[in-house]
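Encoded as structure tokens, the structure appears first; notes follow it.
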Amino acid sequence: KVSADALSINRINLLEHDRNSISTSEASAKFNNFICRHSMNSKEKIIPIGHNVSLDIKFIKSYLMSSAEWEKHFSYRKMDCHSVAMFLGFSGFLPKYDSYSLKTLAEHYGLQTDGMHEARKDVQITTELFKLMSNKLKELK
């Protein structure tokens, strides 16, 4: 169930969303085709990377791909930007924030946050954050 607050925070206009959206079955087919093309026929499993990536995985398994199909293509390992940020915060390499949300981290690193909560923009920000935090860890050598 979607709340009015969630729609407002994520700036989702339901009428526009309905005009531009695709069905769950079409999204599932597109996702599965994409994964099959990029997983080297399951010879090397994909390690999912994201911000609170467990939530994304749960969503994918609920709506886009069966758990059995997921396990053919994806490793049980995962890399979570949120966990890395919390580690850096608790270790003193990032400020201690009440929340290590994607927006908080993007603002900390001076990244553009316009368009956040749209999948493409969130992926771009997460990718950039991983690079920046990785570089921070490399400085520790």
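Structural remarks
- Candidate set: the stretch 1-33, residues that are part of a loop (DSSP other than H, G, I, E, B) and basic (Lys, Arg); chosen: the one modelled with the highest pLDDT: Arg11
- Restricting the stretch 34-62 to residues that are part of a helix (DSSP H, G or I), under 23 Å from Gln124 (Cα atoms) and more than 14 Å from the chain's Cα centre (by Cα), the residue that is modelled with the lowest pLDDT: His38
- The set of residues in the stretch 108-141 being open to solvent by 70 Å² or more (accessible area, probe 1.4 Å) and of a type in the set (S, T, N, Q) consists of Gln112, Gln124, Asn135.
- Condition check for Ile12 on (1) in contact with a strand residue (DSSP E or B) (Cβ under 9 Å, 6 or more places away or on another chain); (2) within 20 Å of Gln124 (Cβ to Cβ); (3) open to solvent by 40 Å² or more (accessible area, probe 1.4 Å); (4) not acidic (Asp, Glu): one failure, at (1).
- Taking first residues from the stretch 2-25 that are more than 23 Å from Thr113 (Cβ to Cβ) and in contact (Cβ under 8 Å) with a residue 40 or more places away in the chain and partners that are open to solvent by less than 100 Å² (accessible area, probe 1.4 Å) and not aromatic (Phe, Trp, Tyr), the Cβ contacts under 8 Å between residues at least 6 apart in sequence or on separate chains come to Thr24/Leu64.
- Extreme residue, nearest to Ile12 (Cα to Cα), among residues of the stretch 88-107 that are open to solvent by 70 Å² or more (accessible area, probe 1.4 Å) and in contact with a Leu (Cβ under 9 Å, 6 or more places away or on another chain): Tyr97
The values are calculated or read from the model by the stated rules, or taken from the named source; none is laboratory data. As the structure is a prediction and not an experimental result, all values here were calculated from the model. Glycine gets a Cβ as well: all are built from the backbone with ideal geometry, and neighbour counts include every protein chain shown. Quick note on the areas: whole protein, heavy atoms, side chains included, nothing else; ligands and nucleic acids left out. Shrake-Rupley method; radii C 1.70, N 1.55, O 1.52, S 1.80 Å.
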